[in-house]
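The values are calculated or read from the model by the stated rules, or taken from the named source; none is laboratory data. These numbers come from a predicted model, not from an experiment. Cβ coordinates were reconstructed from backbone atoms using ideal geometry, including for glycine residues, and neighbour counts include every protein chain displayed. Ligands, DNA and RNA are excluded from the accessible area calculation, which covers all protein heavy atoms including side chains. Shrake-Rupley method; radii C 1.70, N 1.55, O 1.52, S 1.80 Å.
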Amino acid sequence: MFSSLRAARLAALLLFGGTAAVAASPRLEPLPVETALSEKSLGLYSPPSLSRDGQRVAYTICDPHRVPLEIDPRYQAHSRTGVTGFGIGCDVWVAETAGGEPRRLGDGTASSWAPRWSPDGSRLAFYSDRSGVAGLWTWTAASGETRRLSDAIVRPWGASPIAWTSDSRAIAVPLVPEGKTLEDLANLAAPAPKPPPSAGQPTVTVFEFRPKAAKAKAKAKAEAPAAWSLELLRSDVALVDASSGAVRRVASNGLHAGLWISPDGARLAYTAFRGFEAAQSQQQLFDLRVVDLARGDTRTVAESIPQQFGIAVAWSPDSRSLAYLTTKGECFVVSASGGAPRLATTEEHPPFLEDDSTVPIFASRGDALYFLAADAVWRIPAAGGAAVSAGKIAGRELRVLTRGRRPDTVIVATRDDETKKEGLAELDLRTGGWTRFFEAPVSLGRDPAFRIAASPGGVVFAQQDARRPEDLWFLGVQGGEARRITRLNPAFEDYVLGESRLIEWRSTDGKPLRGALLLPAGYVEGRRYPLVVFVYGGARLSNGLNTFGMRDAWDVEDDFQLLATRGYAVLLPDAPSDRKDQMRDLPRSVLPGVNRVVDLGIADTDRTGVMGHSNGGYSTLALITLTTRFKAAVMRAGMGNFLSFYGELGKDGTHYGLGVAESAFGMGDPWTARSRYLENSPVLYLDRVETPLLIVHGSEDDAVAVHLAEEVFVDLRRLGKEVVFARYEGEGHSLESDANRRDYVNRMIGWFDEHLKGEAAAKPASAENISNH
C-alpha cells in the first residue's frame, strides 16, 4: 500500500535513424493529457543487456497504451497469456552502440521483455507471448533469425532472470509447472469467479483459523497466516537447450524466486519461498537449494533466509560455495555440497545492503567478498575476517553495486545529497582507484540497478531530468562523452516544461529539511502562482528533483508537468517520520515547506492544494484535519482509519493491513497501543476539515480496500463537508485503463482549477501575508 528516466545534459550527438534530430521551437502551452499518458518507458525489471564486445545493446520499451484493464483479479499479476505484469505491452529492441536505427524484435502486437545476451554474444534470449502464450525465444545476431526454443510456457515474475550457462549452450528459466495450465495457476493466485448459484444453494466463502489444531501440528513460524499470497511465484525450474530446445525440469511446482547457474555449469541454485516470519510480519523467508545437474539430486543448503525478494545470492568463481545477504544486514557463505552456513564476518560492520537488485560480489579469484554499506564498498576475506572499507567517494551516497567492465571492478551509482546530482563511477577493487564517468543534474532512476549494464565493451545506462524523460546512453571503454542510444518520447520536446529547483527549510522543531520544487512552465520571477503539494509521510521526495515531471517512481498519471504547464508550482517535500505517529510528524515538516515557497515569492498562500497516493493519500487526509491551509485536496488510494485498515481481509484470506501496521510501521497491535491507532486515524477528526476533498479509489484495490475510502466519503458527507468520490470500477491500487487514467487526470486538474484559480490574476510577490494555520 504505502508504496516509485532520464535524458542528460551531457553534450552528446543524438544518433537515431542515422541522422541528427532537429527540434522545432517548443510551445508554451498546456502539456496535453494524452501526451503525458503516452510516455513510453524502459521495462521496470528488464535491465538493458550489453553484448560482451559492446557493439549491441538489447533493451525493453513499454507502452502504457498497450496495457489493458483486467478486471479479473486472477490475471493481474500475470496476463491470460502468461506475461508478467511488468512485461505487458512491452517490446524488445536491439541497437548498435555506434549509431543507427534500433531494431524491434517483433511487430509490436505481442509482449516481449527481459532480453539477455549469451556469454559469446551470438544470441539474445528473451520472453515473449507472440505465439499466443509466454515462451522463451532467441534472436541470432548473425542471421537475424527469431525462434521459440520450446513449447514450454515460461512463468517469470519481477526480476526473474534468464540465466545462460557460461558456454552459451543452455538457459535456466522458470516454467509453468508440468501438468498445470495458466488457468490452474490463475485460480491459485486469486479466487476464481463463482458461477451463479442454483436455487436454494448457499453462496458462502469460509475462512477459518483453529489455534488448537495449529499448535498440535507444531508448525514453524514461517507457516503463519500470510500477509499476502506468493502464488505468483509458483513454477518449475528448468534448463532449456539453446540449440534443440530440449527441456529438463530440475525443480517442480514450488514458489521459486531467484535462480543461478554455477560458473562451471555443474550446478543450479535456486530460492524457494518458505513463508512469513510471523503472522503479523511482512518478512519473507526463503530456502536456498542446489541441484547437481549430473546426478540430478537436490540439496537444501540454507533454510529460512530473511530476504525481501529471494534474489540476493551469488556463486563463488570456483563454483564450490554460495554467498547470500539477509535483511538483517548480514552475509552468509555456504558450501554447495552442504554444511552449516557461516557468517562471512563475525566482526562489527555496517549493515550490508539487501534489496531487489543487490547481490554479494566475489573477487575474480574468489578470495574476497564485496558489499555496499554505509555509502562505501566494503571488503571481507572469503575465508573470514574483519570487514574493511574498499572505497568510497566523499560526500556521495552510493546507491548501486554491480560488476564493472573488467574483472575486479565494480560500478556504483552516486548521488550528491547536497545538490541531488547523480552519476556513475567505477572502482578498481585491487588498487582502490576510482574512474568517475560523469556527474550531472540527472536521475539514474529509482532503482538504477535495472537501468545499468556493463561488459568489457563499455557501459550502458538510463538517465532523465525534470524536463526530459528517460533514455539509454552508452559509454565506451575509451571514455569521452556518452552517446544517446534511444529517443523514446520526442513529443515532449514540443512543449516548454517547468524547471526543478531544490529548496531548504527547517521543521517546526528545528530539523533541516528539503523539497523538490517544480516551477510553472515559463516561470516569471516575482509572480505568485497556485501551489500543489504532493505528500508521502516518511519519504524523502526531494530525491525526485531530477526525475522527469518529478514523479520519480509514481505512475504515469503523476507527471507533474501536467500541472506545471497549466500555471502551477508543485512541491514534493521531505516528510521524515518513523510512521508510528505520522499525524504529528506531517505538519511539522510539510507546512514550513509551504511557507518557504511563499517566502521565495513563488506561491500564493491563498491558493495552495495538497494531494497524495497510497500512504500519501493517508497523509493528505491527515493534513487537512490538522490545518485549514489547503484550499483543495486529492486523496488517491488512501485511507483514514487505522483500525479498519488493520482488520482488512483479502478475498483470499490474507491480511495486508495488519502486517503494514505492526511490522512496516511498528505501531504495535490495537489492544496494547489503542491510543496510537486512534490518534493516527484522521476519520476521528473529520469534523475539523474545511478543505474540499476529491477521493479517488479503485474498486478492486487489494492493498487499501475500497471500503476505507467509502468510509471517508460517508463521514464527510454526514458532516456536511464538500467531498467528491470517484470510484473506478475494476481498478486496483493504481489505475491501469487508458480511459480511467485520462478521466482521473482531467478530474484532478479540474478540481484544482476550480478551487485554486478562482482569482485568475497572479498576485505580485509583495502582496502576501504568511500564516501557519
| Given the convex hull over the Cα atoms of the chain, what projected area results after averaging over all orientations, in nm²? | 34.6 nm²
| Which of TRP260, TRP751 is most accessible, then next, and so on - probe 1.4 Å | TRP260, TRP751
| request: At 1.4 Å probe size, with no ligands or nucleic acids counted, give the accessible surface of MET583 in Å², nearest ten. | output: 10 Å²
| Along the stretch 257-270, what does the Karplus equation 6.51 cos²θ - 1.76 cosθ + 1.60 (θ = phi - 60°) give for ³J(HN,Hα), rounded to whole Hz, x for Gly and Pro? | 10, x, 8, 8, 9, 5, x, 8, x, 8, 9, 10, 9, 8
| request: For the stretch 521-651, just say rounded, prolate or oblate: build the C-alpha gyration tensor, square-root its eigenvalues into a ≥ b ≥ c, call rounded for a/c under 1.5, and beyond that prolate if a/b exceeds b/c, oblate if not. | output: prolate
| message | Whole percent per 10 Å bin, from 0 to the bin with the longest distance: what is P(r) over all C-alpha pairs of the stretch 460-611? | response | 11, 37, 30, 15, 6, 0
| field | Accessible surface of GLU34 - all protein chains present, 1.4 Å probe, nearest 10 Å² | value | 80 Å²
| remark: Set LYS328/LYS392; LYS180/LYS651; LYS392/LYS511; LYS40/LYS421; LYS420/LYS757; LYS40/LYS580, cut-off 29 Å on Cα-Cα distance; pairs above it are LYS420/LYS757; LYS40/LYS580
| note | Non-local residues with an amide H under 5 Å from the amide H of VAL400, with H modelled 1.01 Å from N and Pro and chain starts lacking one, are ALA413
| field | Computed E for ALA266/ALA192 - FRET, C-beta separation, R0 51 angstrom, nearest 0.05 | value | 0.75
| task | Quick one: what are the phi-derived ³J(HN,Hα) couplings along the stretch 141-150, Karplus 6.51/-1.76/1.60 with θ = phi - 60°, whole Hz, x for glycine and proline? | result | 5, 5, 9, x, 6, 10, 8, 8, 6, 8
| field | Extension gain from ARG584 to ASP416, taking 0.36 nm per residue of separation minus the Cα-Cα distance | value | 57.5 nm
| Per residue, how much space in cubic angstrom lies within the convex hull of the C-alpha atoms of the stretch 142-185? | 117 Å³
| query | So what are the three principal axis dimensions of the stretch 452-521 from its Cα atoms, in whole Å, longest to shortest? | reply | 52, 32, 18
| task | Straight distance only, please: which aspartates and glutamates reach the Cα of LYS631 with their own Cα at less than 15 Å, same-chain residues fewer than 8 apart left out? | result | ASP604, ASP606, GLU690, GLU722, ASP753, GLU754, GLU759
| request: Could you grab the relative contact order for the stretch 387-509? Cα pairs under 8 Å, six or more apart, rounded to a whole percent. | output: 15 percent
| Restricting attention to the alpha-carbon atoms of the stretch 30-189, what are Rg (one decimal) and Dmax (integer), both in Å? | 16.1, 54
| query | Leaving out ligands, DNA and RNA, what percent of the accessible area of the stretch 598-752 is carbon and sulfur, probe 1.4 Å? | reply | 47 percent
| request: Could you do me a favour and compute the accessible area per residue for the chain, 1.4 Å probe, result in Å²? | output: 39 Å²
| query | Using the Karplus equation 6.51 cos²θ - 1.76 cosθ + 1.60 (θ = phi - 60°), what ³J(HN,Hα) coupling, rounded to whole Hz, does each residue of the stretch 661-671 give in order, writing x for Gly and Pro? | reply | 5, 7, 8, 5, 9, x, 7, x, 9, x, 7
| With every protein chain left in place, what is the accessible area of ARG274 in Å² (1.4 Å probe, nearest 10)? | 90 Å²
| task | May I ask for the net charge around ARG234, where only other residues with Cβ less than 11 Å from the Cβ of ARG234 are counted and Lys, Arg are +1 while Asp, Glu are -1? | result | -1
| request: Restrict the search to the stretch 350-448; then list the GluC sites (Glu not before Pro) that DSSP places in a loop and that have at most 12 other Cβ atoms within 10 Å of their Cβ. | output: GLU418
| Shape of the stretch 662-724, Cα gyration tensor, a/c cut at 1.5 | oblate
| request: Using a/c under 1.5 as the rounded threshold, could you call the stretch 375-508 rounded, prolate or oblate? The axes a ≥ b ≥ c are square roots of the C-alpha gyration tensor eigenvalues, and prolate needs a/b larger than b/c, oblate otherwise. | output: oblate
| How high is the FRET efficiency from LEU28 to LEU600, r the C-beta distance, R0 25 Å, rounded to 0.05? | 0.70
| field | Residue-averaged 222 nm ellipticity for the chain, from DSSP H runs of 4+ at -39500 (n - 2.57), nearest 500 | value | -3500 deg cm²/dmol
| request: Specify the inter-centroid distance of the stretch 674-730 and the stretch 451-475, based on alpha-carbon positions, in whole Å. | output: 42 Å
| message | I'd like the carbon and sulfur percentage of the solvent accessible area for the stretch 31-189, probe radius 1.4 Å, heavy atoms only, ligands and nucleic acids excluded. | response | 48 percent
| message | Taking C-beta distances below 4.7 angstrom as the pairing criterion, name the unpartnered cysteines of the chain, in sequence order. | response | CYS331
